[in-house]
Amino acid sequence: MASNFISRGFTGKRRQAEAANRVPPGQYITPDFPVLSAGPTPRTPLEGWTFSIEGLIREPVKWSWEEFLQLPAQSFVADIHCVTKWSKLDTQWRGVSIDTLFEHIDLDANTRYVTAFCDGGYTTNMPFVDVINGQAFVAYQYDGKPLPAEHGGPARLVVPHLYFWKSAKWIRGLRFTEKDKPGFWESLGYNNHGDPWKEERYW
Amino acid sequence: MKRYLDWQIATVKSIRQETPKVKSFTLFLPDWVQHKAGQHYDVRLTAPDGYQAQRSYSIASEPERSGEIDLTVEWIEDGEVSSYMHEVLTVGDQIEVRGPIGGYFVWEAYMGGPLLLIAGGSGIVPLMSMIRHGTATGSTAPVRLLYSSRTVEDVIYYDELMKLHEAKNGLEIFFTLTRQTPVGWTGYSRRIDSQMLVEVAGPLGSKTQAYVCGPTLLVEAVANGLLQIGLAQNQIRTERFGPTSSS
């Protein structure tokens with residue numbers, strides 16, 4: 001196997017020691033905020049924007065943009081990790097915790113999975129337990145400003161403890177299910193779960 | 001048994017200087033798996049103390065070449081892996097890789113055309129694999145490539161592209177230079193704009209499948225421009241490429 005392989009003449013450009021334990025295996029720190037997406041950036045006018053929760057809940061819920069902004073919001077700081085190898089430390093966001101959204105719905109006890117769905121048709125799936133207890137947000141501000149469209153604005157999911165493709169841009173809602181359903185990248189060779197600390201990049 | 005996507009130790013078979021900042025590396029793979037044009041490989045470097053660095057690089061070669069791949073790598077200032085590959089790696093060296101990876105930004109000959117390929121800088125690499133794949137399979141799909149570079153010296157695969165263009169086998173190539181044009185330049189000499197997109201994409205008709213790869217600003221501008229000239233969202237596949245800075 002390749003585990004004892006040494007690259008001739010490679011010493012590496014080391015990151016600062018204090019940051020080293022914050023960067024998962026195979027990742028490097030970038031000061032930039034790269035943009036990755038599979039297609040054109042969708043642009044939905046705010047007056048037509050809604051956020052829906054559907055699936056295994058007693059009654060579907062839908063918020064307009066104005067209503068969504070009225071929900072209790074939190075500011076949070078997170079390290080984010082993209083499967084394409086870059087990590088960005090201390091990113092600053094503001095948005096609504098998924099826990100807050102749960103206060104408005106009656107969840108079926110059989111719920112095990114959640115799919116985020118988005119403008120442009122993108123989807124991504126996660127176990128339910130990965131979005132509760134302060135682990136996931138619908139964010140609409142980045143660095144104190146409205147989230148730019150190329151970074152997923154008006155609102156995106158932010159689930160910092162999973163690879164960043166799970167943090168779906170242009171999110172329009174969550175669908176709760178009993179059975180798992182692989183999303184866009186999860187159907188195209190990327191890992192179904194995506195924990196950066198376990199390097200769950202691909203199948 | 002060899003698992004798909006295990007790391008393997010490739011051997012550098014040859015190195016080609018494509019432009020002042022870009023080299024292509026032909027790697028011999030003991031566990032070669034046929035890729036799809038547009039896919040990439042991960043490269044992993046390991047220091048004697050176990051420190052590792054990984055990056056992804058697009059495959060430039062056609063899938064029909066068995067047992068080996070070409071990775072084309074742009075030298076990035078301060079780049080950890082690209083600088084090693086450019087400054088240290090020589091023919092005969094070994095390097096750890098895994099792949100092929102990626103399932104969306106791919107084109108296979110059976111998918112047909114018309115095909116609109118738009119590249120900025122080293123974003124040409126995965127598109128070159130598609131072009132070479134089309135040539136290798138004798139694809140008759142009409143293909144138009146619009147390729148934006150800073151100067152003519154920065155155009156990767158220039159000679160090969162010119163030859164393919166002059167062969168008139170259904171591939172038409174349009175260059176644009178954004179910084180500097182040589183005397184007698186007959187191509188475009190500005191950033192890609194909607195007028196250019198109309199001129200290049202228009203003749204391909206409404207059923208075109210577009211692949212756009214390059215720096216963020218170019219990809220954003222081109223993808224929006226293609227929507228404006230009437231392509232649908234699902235006709236446009238994008239991939240960001242090159243250094244992460246948004247300059």
Need the list of lysines near B:Lys36 for cross-linking: C-alpha distance under 30 angstrom, and skip anything on the same chain fewer than eight residues off.
A:Lys85, A:Lys166, A:Lys169, A:Lys181, A:Lys198, B:Lys2, B:Lys13, B:Lys21, B:Lys23, B:Lys163, B:Lys168, B:Lys207
Trypsin sites (Lys or Arg not before Pro) restricted to DSSP loop in region A:17-70 with at most 10 other C-beta within 10 Å:
A:Arg58
Summing -39500 (n - 2.57) over every DSSP H run of at least 4 in chain B, dividing by its residue total and rounding to the nearest 500, the 222 nm mean residue ellipticity is -6500 deg cm²/dmol
Just need the relative contact order of chain A here, percent rounded to a whole number, with Cα pairs under 8 Å and 6+ apart.
23 percent
With axes computed from alpha carbons, what is the tilt in degrees of helix B:216-228 against the longest principal axis of chain B, rounded to the nearest 10 within 0 to 90?
40 degrees
Site A:Val61, offset 7 angstrom along Cα→Cβ, radius 15 Å on amide nitrogen, limited to region A:69-95, gives A:69-74
Please check: in the Gaussian network model of chain A (C-alpha springs, under 10 Å), which one of A:His193, A:His104, A:His81 has the largest mean-square fluctuation.
A:His104
From DSSP H assignment alone, runs of 4+ in chain A each adding -39500 (n - 2.57), the sum over residues rounded to the nearest 500 puts [θ] at 222 nm at -1500 deg cm²/dmol
Tilt relative to chain B, helix B:158-167 - C-alpha long axis, 0 to 90 degrees, to 10:
50 degrees
10 Å Cβ shell holding at most 16 others, DSSP loop, GluC sites (Glu not before Pro): longest site-free stretch of chain B
B:109-247
Of the residues B:Gly202, B:Gly112, B:Gly120, which exhibits the maximal mean-square fluctuation in a Gaussian network model of chain B defined by a 10 Å Cα contact cut-off?
B:Gly202
Of A:Pro160, A:Pro182, A:Pro45, the most mobile residue in a GNM of chain A (C-alpha springs, cutoff 10 Å) is A:Pro45
Everything considered on the Cα gyration tensor (a ≥ b ≥ c; rounded for a/c under 1.5, else prolate if a/b is larger than b/c, else oblate), region B:100-247 must be described as rounded
What's the ranking of A:124-133, B:225-234 by average number of surrounding C-beta atoms within 10 Å, highest first?
A:124-133, B:225-234
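All of the numbers you see were taken from the coordinates with simple rules; none came from a lab. None of the values given here were measured: they were computed from a predicted structure. Ideal geometry is used to build each Cβ from the backbone, glycine not excepted, and the neighbour counts take in all protein chains shown.
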